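First up is the structure itself, then whatever we jot down about it.
Every read-out reported here was derived from the displayed coordinates using simple, explicitly stated rules and does not represent laboratory data. If you're wondering where the values come from, they're calculated on a predicted model, not measured in any experiment. Neighbour counts run over all protein chains shown; Cβ positions are idealised from the backbone, glycine included.
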């Protein structure tokens, strides 16, 4: 099974994408914890992990600790960094930290 982690700043749409991929109805909000769901693509089962919103991998809050620990310790197969194009400077700080971890090949922009 492929494990995909959704990470990004708070309120960028991670849970909306999670719900779309998993067919779930996870409530959108700012609370600690991660949501897990599954979907299938081309016969392959994929586990989707919706991490709490975080501005950085430096753990200053429980949300950041949960997100950082999952990325660093659990080592998902794919990390999808979801950014808000209206505030790139703040959002790309996390992107740079993820790239430094050598988890991402290159950032991809999506309409």
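Ordering 33-39, 16-22 by mean Cβ neighbour count within 10 Å, with the highest value first, yields 16-22, 33-39. The convex hull defined by the C-alpha atoms of the range 2-100 has an orientation-averaged projected area of 6.2 nm². In terms of the mean number of neighbouring beta-carbon atoms within 10 Å, the peptides 47-53, 93-99, 74-80 order highest first as 47-53, 93-99, 74-80.
For the peptides 59-65, 4-10, residues were scored by their other Cβ atoms within 10 Å and the scores averaged per peptide; the highest-first order is 4-10, 59-65.
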